[in-house]
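Inspection log for the structure reproduced underneath, given as structure tokens.
What follows is calculated from the coordinates using simple rules that are stated; it is not laboratory data. Please read all numbers here as calculations on a predicted model, not as lab measurements. Quick reminder, even Gly has a Cβ in these numbers, built from the backbone with ideal geometry, and neighbours come from all protein chains shown.
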Amino acid sequence: MVSFQSKWRYLFMFLGVQLVVMALLSREGYQRRVSYFMRIFRKSDGVGRNLSATGSDVYANLTIVARAPSSSEVMTYCPQTSPFIRGPIHVSFPSGLTLAQVQRKNPLVVRGGRYRPPGCESRHSTAIIIPHRNREHHLKFLLYYLHPFLQRQQLNYGIYIIHQAGNYTFNRAKLMNVGFREAMREENWDCLFFHDVDLIPEDDRNTYICDANPKHAAIAMDKFGYKLPYNLYFGGVSALTPLHYLKMNGFPNNYWGWGGEDDDIGVRVSLGGMHITRPSVRVGRYKMIKHKLDKGNDINPKRFNMLAKTRQSWKLDGMNTAEYEIVRRQHRPLYTNITVDIGTEEGLHKTPAAAQPEPVDPAKPNQEQGKS
Ligand code: UDH
Ligand code: NGS
């Protein structure tokens with residue numbers, strides 16, 4: 001029989017062990033703790049590739065993917081389907097990641113966030129356009145996952161961050177118009193992916209190439225239970241060729257603040273005589289980095305009225321009327337950063353002090369200033 005005294009001893013020992021475990025766990029980031037335990041409890045994903053349900057490391061065997069050809073090898077086109085595609089990717093957000101680490105892990109990415117497969121001529125060239133302001137902590141994770149993801153697909157690619165200058169209300173769709181024009185100025189991309197900064201693709205079979213019609217790639221997000229929230233949803237990540245883009249007169253410039261602009265873009269697809277294509281829900285999976293509505297991006301109360309008029313407005317407002325001023329263009333190691341003054345609802349030069357462009361540093365060689 002256990003005495004009363006030894007019962008207390010066991011109880012204290014038990015509490016002591018719990019305290020030590022809690023102290024150890026609290027030294028790690030919350031995400032890491034949770035994903036570690038989730039990985040233990042989950043079973044195989046059923047894709048038949050011996051991967052766990054949370055997928056494989058997006059950097060696995062990247063040195064093989066990145067292998068340079070020997071001098072005797074003749075450069076031919078890359079295969080139709082990249083042999084480096086593996087399927088589900090494990091996505092988590094460990095604390096302490098730095099851009100320098102991302103850079104070290106992607107040695108073949110060159111200035112401006114550009115890449116070409118070293119061993120073969122890519123069949124596809126894709127520009128990734130990311131609207132951005134005050135989301136550096138999300139950008140770091142997106143770059144960490146996106147670079148190896150695109151390299152696995154053997155794409156010729158470039159990553160463009162379109163950074164809205166000043167504090168005036170955010171305008172996602174207008175930044176996309178800027179991204180389209182400025183990316184096409186640099187290279188004749190055959191496909192453009194318009195990509196929210198907080199969405200991480202979870203399966204590399206979701207190829208970042210364009211279809212015959214505009215493609216909505218983010219069909220299955222974790223926040224919507226990995227299914228479409230509604231049939232016409234066109235938000236998050238979408239892919240258009242330059243021809244698609246021009247057929248629908250690009251995106252609207254007049255949606256200031258949160259909501260509706262992606263629905264307007266979806267309607268423009270059909271007004272331009274096209275339809276939306278999508279990958280399968282098994283493949284078009286994304287994990288969203290959780291966040292709240294940003295300061296400077298309040299819900300747009302006019303969005304429903306504006307949406308009701310898309311049929312009348314799409315030819316009058318879009319790529320043909322996008323007015324902006326480039327503040328600076330920086331070719332950084334992992335991406336091209338385009339800082340732009342997009343003005344306000346009143347127009348480009350009727351800007352309040354908030355939308356003043358950032359000063360250009362003459363000491364920096366990669367900056368250039370110019371008008372659209
Ligand atoms: N973005 C920024 N900075 C901002 C606002 C938006 O970079 O200040 C960009 C970023 O790429 C982001 C995208 O615009 O991924 C879309 O903005 P969002 O993430 O705020 O929109 P989303 O609909 O999430 O994905 C909103 C969460 C709260 C919605 C509440 C309304 N019901
Ligand atoms: C719709 C919004 C879209 C938005 C989508 C998902 O209601 O812009 O919800 O929002 N349309 C309008 O407001 C007209 S989310 O759940 O991501 O916050 O993208």
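Overview of results
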{"quantity": "Residue 298 versus residue 75: modelled label distance in nm, points set 7 Å from Cα along the beta carbon direction", "calculated": "5.3 nm"}
{"quantity": "Kirkwood Rh in Å, taken over all unlike Cα pairs in region 95-206", "calculated": "14.7 Å"}
{"quantity": "Computed log₁₀ I(q)/I(0) - Debye formula, equal Cα scatterers, no solvent, region 165-204, q 0.13, 0.14, 0.20 Å⁻¹", "calculated": "-0.39, -0.44, -0.79"}
{"quantity": "16 Å Cα-Cα reach of residue 309 towards aspartates and glutamates, excluding residues that sit fewer than 8 places from it in its own chain", "calculated": "261, 262, 263, 264, 317"}
{"quantity": "Geometric extent, Cα atoms of region 203-242 - Rg, Dmax (angstrom)", "calculated": "10.6, 32"}
{"quantity": "Fewest-first sequence of 19, 192, 271 by Cβ atoms within 10 Å of each Cβ", "calculated": "19, 271, 192"}
{"quantity": "Of 166, 106, 124, farthest towards positive along the dipole that unit charges on Lys, Arg, Asp, Glu beta carbons give region 83-170", "calculated": "106"}
{"quantity": "Label-point separation, residue 8 to residue 323 (7 Å along Cα→Cβ), nm", "calculated": "8.2 nm"}
{"quantity": "HN-Hα J in Hz across region 233-238 - Karplus 6.51, -1.76, 1.60, θ = phi - 60°, x for Gly and Pro", "calculated": "4, 9, x, x, 9, 9"}
{"quantity": "Normalised alpha carbon radius of gyration of region 192-341 [divisor 2.2 N^0.38 Å]", "calculated": "1.07"}
{"quantity": "Separation of alpha-carbon centers, region 159-192 and region 279-320, rounded to whole Å", "calculated": "15 Å"}
{"quantity": "Order of 328, 181 under a 10 Å beta carbon neighbour criterion, fewest first", "calculated": "181, 328"}
{"quantity": "Given 227/247; 227/295; 140/315; 247/292, the pairs whose alpha carbons are separated by over 32 Å", "calculated": "140/315; 247/292"}
